[in-house]
Amino acid sequence: MSQYKARKFNVVGQRLQRPDGIDKVTGRARYGADMDAAGMLHAKVLRSPHAHARIISIDTSAAAALPGVMAVITRADFPLASGEYIDLLDHCMAGDRALYDGHAVAAVAATSKRLAKQALKLIKVDYELLPHVTDIEAAIAPGAPVIHAGVVGRGVPKGYSDNVTRFRSFGHGDIEAGFQQADVVVERTYRTEATHQGYIEPHACVATMGMDGRGDLWVCTQGHFAIRNMCAAILGMESASLRVTASEIGGGFGGKTTVCIEPLALALAKKSGRAVKLVMTRDEVLRATGPTVSTLMHVKLGMNQAGRITAAYAQLFYQSGAYRGYAADFGAMPAFAPYALENVHTEGFDVMTNRPKSAAYRAPGAPPACYAAESAIDEAAHQLGLDPLAVRLLNAAREGSKSSYGPTYAAHGLVECLQAAQQHPHWRAPLGENMGRGIAAGFWFNFGGDTCVSAFLNPDGSISVSEGNPDIGGSRASISMMVAEEMGIPYEQVRTTVADTGSMGQNEPTHGSRVTFAVGLAAIKSARAIIAEIRHRLAQLWEVDIDSVVWQQGCASCTDPNSEHKAPMDLRQVAAIASNTGGPIGGHHEVNAEGAGVSFGVHIADTEVDPQTGHISIKRYTVIQDAGKAIQPDYVEGQLQGGAVQGIGWALNEEYIYGEDGRLQNSGFLDYRIPVASDLPMIDTVIVEVPNPGHPYGVRGVGETPIVPPLAAVANAVTAATGVRQVHLPMSPPRVLAGLQAK
Amino acid sequence: MASIQIFTSLQYLFNNQTEIELDVANLQQLLTRLPQAYPQCAQEVANGISVAIDGRIVNDAWFTPIEPNSEVVILPRISGG
């Protein structure tokens, strides 16, 4: 049943002031490393220098004896031996084997950072080196070193090594018959390298653990409820015994939805009886948190002279690090999701290697698959002499189309996005020498999940809202705006706070582009609960039927012609008599917010290629995306721009480079280069609004889709500029130059 | 009876059928009766799946209704980053 109802908005849609802006530009905002506690210790982690090694022994005695060292831990300090969380624990602290360069093997808490570092040098680890594999192609080959024996998923086809942990396939129709109907069939192999989310703030936390077994954790995270649940499970605690408070967050993009240092800090706090601060260095972040997958992808696509895609096939291998992955699902499903195809088949494989456990990164799995699929569409269109945008419009999925992964689409805005691209001046602008233009469409599912919101009427008539999701993309503003809209009051009268895990029920992390959708939905219903309570109380006060009490423009009015109470009451007046009418007034809503609407975007990129060096410049870039309803357009545009920039980095610069010894060679921002403002033009944006029927205001999540098309849009632009199909990302200058020289 | 579509690589757990029929009126009944009717799929269901009901992806809301003519599609568990 649709929750959406068309309405005229007063607050929603305005570009209002962000509530965290002053704190962030003045340094008052408190991030993960900004917290201190009395008697606090500093922790450091000892990490494996080997890609794969058996840990014969760890001697911590000398480190523990160093004056000022208050605790040393190894895996022996964690009793968890099996179950759902064992991979998470193993990623945080190695067991009998170090599985990748940077894998934690021990940790120390001392009275100073200097002493903690000194203690690490006193820990003696006896390793037995084992064969390693970091390359995806080598990892799937029979005979490859196997990372974990016995975890091969059911249904994995024969002919691969035991590092292939999962196989999934989707589709419908008869692709062989479809290829027979094609006038052109293109077939290529594509590769993408692993990247990092590149959040500016490293992981950081402060842990305390009392003798009564109750703990507190201050942490930079996308989901403090999830962190609580994971840490409690790993440490054998009840969730209620651990209160987690989320700091401000300097970026996450999916990489801070899991634990990597938090259980270590808690274990050190428990062992030392002191508060413990643990802050990762950039080197540790790149070596030992969760980068993205790398991929190996084969795509075959048939198109007829009219531009209709007659068949599409993709085989996608996703390198997920040293543990079972899941991203192949999210590559195989979205690859051809923007198109209504009669014959389509996709296959996804998750593959283990001796690399850190991969983590989510905005639409995890979708950008590489989109790159391969959209490159194939581009190539087929060009071979047939067709306009690549017109081809996409011809094949675009619409409301009622059967998606390539199964379900039939409800209303969405892909066609509107493509039409907006067609009409945008960018699409027809002239190009200079050595320049090319590319276009790509992208898709993401979006997600809702468990959500709690509480709202309260304060004695002065203002509204306080508590929610349980760290604010990554401006959610405190958006939630306040939706509550203000619903209550008919100014935005400035509402303040939203991110509450700790002891103050609210379970909340999913800030992931899946869910917060404005799901928390917004719960906030609107919390506001409606306040209004209902006010009407109930005033009906008693005015001695009229509740239907005679109406709420309009921030005031309650009586419509009963026989009542003498004609003067409307605003929130301040209602609050003033709250104690007399039953006590404080609040509203809350707890929901599993299913019904997140899918999201589509279309990107246009202009690139210039230096034929002497292979260096690529982005000259112009436009993002067009369906937001359902943009609550605060500045924030929506920020998401579209940020996603595009991260995708451009993935396409051009960013790459995990491993040596033959299996060690990461570029674990710093000098050698792992993310785009900076001076590298890029202004990213232009167009917000399309096709309401999501699953939200009262029509909201769709917008955070993930904008990273899906850039890889393909930029690669198609560079291909147009060079005449060389770009099949390996990133398109670093040496790689592009080699292609030009081989032409 | 609701008609339930199975994604390709899961079909081997359902006797290689692309579509099955079950008498279910909501998600909870579907999640309960799937492994009863097809015991081989019990592990997949226990690990977590998503279900698209009339185009709307549902993860956990047991009481989401399924009408006799609803389109029901079994999917891998959907989340995000």
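The values are calculated or read from the model by the stated rules, or taken from the named source; none is laboratory data. In this text, all values refer to a predicted model and were calculated from it rather than measured experimentally. Reconstructed Cβ throughout: ideal geometry from the backbone, glycine too, with neighbour counts over all protein chains shown.
Given the criterion crowded, with 24+ Cβ neighbours inside 10 Å, within 14 Å of chain B (Cβ to nearest Cβ) and aliphatic (A, V, I, L, M), identify the matching residue among A:Ala455, A:Ala518, A:Ala441.
Only one candidate passes the filter, namely A:Ala518.
Conditions first: (1) touching a helix residue (DSSP H, G or I) at 6+ places or on another chain (Cβ under 9 Å); (2) without any contact (Cβ under 8 Å) to a residue 60 or more places away in the chain; (3) among the charged types (D, E, K, R). A:Lys8 passes all but one, so which condition is the exception?
Condition (1) is where A:Lys8 drops out.
Out of all the residues in segment A:523-543, is one or more in contact with a strand residue (DSSP E or B) (Cβ under 8 Å, 6 or more places away or on another chain) and closer than 22 Å to A:Gln222 by Cβ?
Checked against the condition, which is being in contact with a strand residue (DSSP E or B) (Cβ under 8 Å, 6 or more places away or on another chain) and closer than 22 Å to A:Gln222 by Cβ, segment A:523-543 yields at least one hit.
Table: residues versus (1) assigned to a strand (DSSP E or B); (2) polar (S, T, N, Q); (3) on the phi < 0 side of the Ramachandran plot; (4) at pLDDT 95 or above.
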residue	(1), (2), (3), (4)
A:Val415	no, no, yes, yes
A:Pro430	no, no, yes, yes
A:Gly436	yes, no, yes, yes
A:Phe447	no, no, yes, no
A:Val453	yes, no, yes, yes
A:Gly473	no, no, yes, no
A:Met481	no, no, yes, yes
A:Glu486	no, no, yes, yes
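Take the conditions of a type in the set (A, V, I, L, M), within 30 Å of A:Gly385 (Cα to Cα), surrounded by fewer than 24 Cβ atoms within 10 Å (Cβ to Cβ) and at pLDDT 95 or above and apply them to A:Ala275. Does it pass?
Criteria not met by A:Ala275.
(1) modelled with pLDDT under 95; (2) more than 14 Å from chain B (Cβ to nearest Cβ); (3) within 30 Å of A:Gln423 (Cα to Cα): which one isn't true of A:Lys566, the others all being true?
(3)
What is the number of the single condition among (1) of a type in the set (A, V, I, L, M); (2) at the interface with chain A (Cβ under 7 Å from one of its Cβ atoms); (3) crowded, with 22+ Cβ neighbours inside 10 Å that B:Ala61 does not meet?
(3)
Applying the selection to segment A:390-413, what residues are under 18 Å from A:Val686 (Cβ atoms) and away from chain B (no Cβ under 14 Å)?
A:Arg392, A:Leu393, A:Ala396, A:Gly413
Is there a residue in segment A:311-319 that is over 20 Å from A:Val727 (Cβ atoms) and either within 14 Å of chain B (Cβ to nearest Cβ) or in contact (Cβ under 8 Å) with a residue 60 or more places away in the chain (or both)?
yes
Scan segment A:169-199 residue by residue and report those that are within 14 Å of chain B (Cβ to nearest Cβ), small (Gly, Ala, Ser) and buried (at least 18 other Cβ atoms within 10 Å of the Cβ).
A:Ser169, A:Gly171, A:Gly198
I need a count of the residues in segment A:197-226 that are under 19 Å from the mean Cα position of the chain (by Cα) and of a type in the set (Asp, Glu).
1
How many of the residues in segment A:229-248 are among the hydroxyl-bearing types (Ser, Thr, Tyr), crowded, with 23+ Cβ neighbours inside 10 Å and assigned to a helix (DSSP H, G or I)?
Going through segment A:229-248 one residue at a time, the tally reaches 0.
Which condition does A:Ala421 not pass, out of (1) within 14 Å of another protein chain (Cβ to nearest Cβ); (2) among the small types (Gly, Ala, Ser); (3) buried (at least 18 other Cβ atoms within 10 Å of the Cβ), if it passes all the others?
Every listed condition holds for A:Ala421 apart from (1).
Having 2 or more residues that are buried (at least 23 other Cβ atoms within 10 Å of the Cβ) is the bar; report the strands (runs of 3 or more DSSP E) wholly within segment A:558-634 that clear it.
Qualifying strands (runs of 3 or more DSSP E): A:599-609, A:616-626.
Per-residue answers, yes or no, for (1) in a loop (DSSP other than H, G, I, E, B); (2) within 14 Å of chain A (Cβ to nearest Cβ); (3) in contact (Cβ under 8 Å) with a residue 24 or more places away in the chain:
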position	(1), (2), (3)
B:Glu21	no, no, no
B:Val24	yes, no, yes
B:Arg33	no, no, no
B:Cys41	no, yes, yes
B:Glu44	no, yes, yes
B:Ala52	no, yes, no
B:Ile57	no, yes, no
B:Val72	no, yes, yes
B:Ile78	yes, yes, yes
